[in-house]
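One structure below.
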Amino acid sequence: MLPERQFSQGSAARSGFLLCHHCGKTQAMTHERCERCDSPVHVRYESSIQKTWAYLVTALVLYLPANLLPIMSTTLLGKTSSNTILSGIVVLWEHGSYPIALIIFIASVLVPIAKLLVLSWLCYMVQNKSAVLMRERTLLYRITEFIGRWSMIDVFVVAILVSLVHLGNLMTIYPGPAALSFAGMVVATMLAANSFDPRLIWDVYDGE
């Protein structure tokens, strides 16, 4: 028997039904496993807020080395130089590659920060049972979940350069330690977005 919770007036859960997240079958809340596919059924993701906070803290911890450590090292004619994400953006901008610099800045700096702030705000509002801006918060969550997949652009660029640039002793490109931290940060934010249950936003709704 599933534990009783507070649900919105017009929700299926308040009417005694829940949806299987594997096959989509609607069934009574008294079931602990799906009648059709035998998967475990639940009204809300278990410990959704706690898991989201854990992933967000992990992403924040990884964000610092991802931006402070070199993401790429280049050896040209025996001379080695290293670039962080921000210094690489500056180099691209100084060389006139404005569109590329802008895309990397948005995808690698602005988007991760925005995702961390948005998901933290959503968790905070749910924990405080806020009933304001619920439609806007739901839309913001959908946008955050959608754009998260484009945050890997720096890792992709480094991987492509390492595989393509092979000029013997003239020029060599190596991925820096920040590449691993950045990839881990992106994965953590994606997991945070997936673990957050947007239905929690509507559990305080009073209307039909």
> How would you rank 52, 74, 144, going from fewest to most other Cβ atoms within 10 Å of each one's own Cβ?
Replying inline: 74, 144, 52
>> If packing is taken as the average count of other Cβ atoms within 10 Å, what order do 81-87, 65-71 fall into, highest mean first?
In response: 65-71, 81-87
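Computed from the coordinates by the stated procedures, all read-outs in this text should not be read as laboratory data. These numbers come from a predicted model, not from an experiment. In this analysis, Cβ positions are derived from the backbone assuming ideal geometry, glycine residues included, and neighbour counts consider all displayed protein chains.
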